[in-house]
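Each remark here refers to the structure printed beneath this line.
The values are calculated or read from the model by the stated rules, or taken from the named source; none is laboratory data. Note that this is a predicted model, so its numbers are computed, not measured. A quick note on method: Cβ atoms are made from the backbone with ideal geometry, for glycine too, and the neighbour counts reach across all protein chains shown. Quick note on the areas: whole protein, heavy atoms, side chains included, nothing else; ligands and nucleic acids left out. Shrake-Rupley method; radii C 1.70, N 1.55, O 1.52, S 1.80 Å.
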Amino acid sequence: MSVLPILIHPDPRLKKAAEPVGEVTDELRQLADDMLETMYKAPGIGLAAPQVGVLSRLLVMDCVKEEGAAPRPMALFNPEVVWASDDVSTYEEGCLSIPDQYADVDRPAEVRVRWVDRDGAECEEHFTGLWSTCVQHEIDHLDGKLFIDYLKPLRRQMITRKMVKLKRERARA
Ligand code: NI
């Protein structure tokens, strides 16, 4: 397994809709494993393929945060929300492509998501709490959408300017 470089906003690849995955191949399973390793190392709780420059509908996540609890690494191919609650919850979100920036985002509190797993099997699960927020945030990435797109334009521009500066500093380092 290997740790992949994570794209930092602004990047045109983070604004594009990703393509559906056909058959889940060994190459895609390898990509999912590499993305999980990249996510754990960051550390983060979710990562979408466009964030590592691959425009395929794949996301990985693990929102287990209780200390000592077993990890639950998940890889979701072609995930889609098939039901969303009217109830809304607010979480302070962040993103590995927008380091050190956090903001409150409202989303449906609970969602039912359908996807294809690493063995090609169809799955469906009801997500609540942090899992629900995370899976929606990651599916947004597959549609070229970032959590800052939910913020007021001024706040979004401020964060984008900070990221442009960060990228410039990193390029120089
Ligand atoms: Ni993100």
Exercise. Would you pull out the residues with amide H under 5 Å of Leu4's amide H, same chain only if 5 or more places away, H placed 1.01 Å from N?
Key: Thr38
Quiz item: What residue among Trp131, Gly53, Thr90 has its Cα farthest toward the positive end of the dipole of the chain, where the charges are +1 on Lys, Arg and -1 on Asp, Glu, each on the Cβ?
Solution: Gly53
Quiz item: Amide H neighbours of Ser56 under 5 Å, counting only residues 5+ apart in sequence or on other chains, H built in-plane at 1.01 Å?
Solution: Glu19
Self-check item: Karplus 3J(HN,Hα) series, Hz, for the stretch 91-97 with 6.51 cos²θ - 1.76 cosθ + 1.60 (x for Gly, Pro)
Solution: 10, 7, 9, x, 7, 5, 8
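Do you know the relative contact order of the chain, to the nearest whole percent, from alpha carbon pairs under 8 angstrom that are 6+ apart? If you can, show how the numbers build up before the last one.
On the way: 313 pairs, mean separation 42.2, N = 173.
About 24 percent, as a whole number.
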Exercise. Sum -39500 (n - 2.57) across every DSSP H segment of at least 4 residues in the chain, then divide by the residue count to get the 222 nm mean residue ellipticity, nearest 500.
Key: -9500 deg cm²/dmol
Quiz item: If you place +1 on the Cβ of every Lys and Arg, -1 on the Cβ of every Asp and Glu, and leave all else neutral, what size is the dipole of the chain about its Cα centre, to the nearest 20 Debye?
Solution: 1300
Practice problem: With +1 on each Lys and Arg Cβ and -1 on each Asp and Glu Cβ, and nothing else charged, work out how big the dipole of the stretch 2-68 is about its Cα centre, in Debye to the nearest 20. | Solution: 380
Exercise. Tell me which residues come under 5 Å, amide H to amide H, from Tyr91 once H is placed; ignore anything under 5 positions away on its chain.
Key: Val105, Arg107
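Where does each of 136-146, 43-53, 109-119 land if you order them by average Cβ count within 10 Å, highest first?
On the way: 136-146: 20.0, 43-53: 22.4, 109-119: 17.1.
Top to bottom by mean Cβ count within 10 Å: 43-53, 136-146, 109-119.
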Quiz item: Can you run phi through the Karplus equation (6.51, -1.76, 1.60; θ = phi - 60°) for the stretch 70-75 and list ³J(HN,Hα) in whole Hz, with x for Gly and Pro?
Solution: 5, x, 10, x, 10, 10
Exercise. Run the quick spin-label model on Ala17 and Ser85: label points 7 Å from Cα toward the beta carbon, then report their separation in nm to one decimal.
Key: 2.9
Quiz item: Applying the Karplus parametrisation 6.51 cos²θ - 1.76 cosθ + 1.60 with θ = phi - 60° to the phi angles of the stretch 150-155, what ³J(HN,Hα) value in whole Hz is obtained for each residue in order, glycine and proline being reported as x?
Solution: 8, 8, 5, x, 4, 5
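Give me the net charge for the shell around Glu23: Cβ to Cβ below 14 angstrom, other residues only, Lys and Arg +1, Asp and Glu -1.
Numbers: positive: Arg29, Arg57, Arg118; negative: Glu19, Asp26, Glu27, Asp117, Asp119, Glu122.
Net of charged neighbours comes to -3.
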Exercise. Assuming a ≥ b ≥ c are the square roots of the Cα gyration tensor eigenvalues, decide whether the stretch 95-156 counts as rounded (a/c under 1.5), prolate (otherwise, with a/b larger than b/c) or oblate.
Key: prolate
Quiz prompt | Exposure rank, largest accessible area first [Ser89, Ser132; 1.4 Å] | solution = Ser89, Ser132
